[in-house]
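Structure first, then comments.
Just so you know, all these numbers are worked out from the coordinates, no wet-lab data involved. Fair warning: this is a prediction, and the values are worked out from it, not measured in the lab. Don't worry about glycine lacking a Cβ; one is built from the backbone with ideal geometry, like all the others, and counts go over all protein chains shown.
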């Protein structure tokens, strides 16, 4: 094999290895904090997302307001200490979202799909939830998510 071809193959291997190492590090949210992995298990398989965490009142209130549309593999997880009825709105949120309400055991309670940007209307959970996952509008349909499916993340008791 000619030297140049061996060098190109070697460089390709190094590039793939470096790319794999880089992808193991979590992306950072807009505040510079590492995002966390969350997996939604549906009939179509396991779907992993990088999520920003909103776990205090100020973060939960701000949510995804004033933000560009989410990439397909990212979202936000709103964490609550209690398992209760929830209701979310889209005030100051310029892009449509899917809002997934999750019970303490990690089961999806309900999904508000293709929410209306900037709306003050409340999207209710229709059941107790201890977590809420927001994804780009249409993403929950693309992965086949339905009530009863499981969300895997350390916040949920599984």
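Things worth noting here:
- Extension gain for the segment residue 66 to residue 82, taken as residue separation times 0.36 nm less the Cα-Cα distance, is 3.0 nm to one decimal.
- DSSP-defined beta bridges in region 27-152 - what % are antiparallel, rounded to 5: 85 percent
- The alpha-carbon atoms of region 40-133 define a convex hull whose volume equals 95 cubic angstrom per residue.
- The slack in the chain from residue 59 to residue 122, taken as 0.36 nm per residue of separation less the alpha-carbon distance, amounts to 20.9 nm.
- Residues 96, 125, sorted so that the one with the fewest Cβ neighbours within 10 Å comes first: 96, 125
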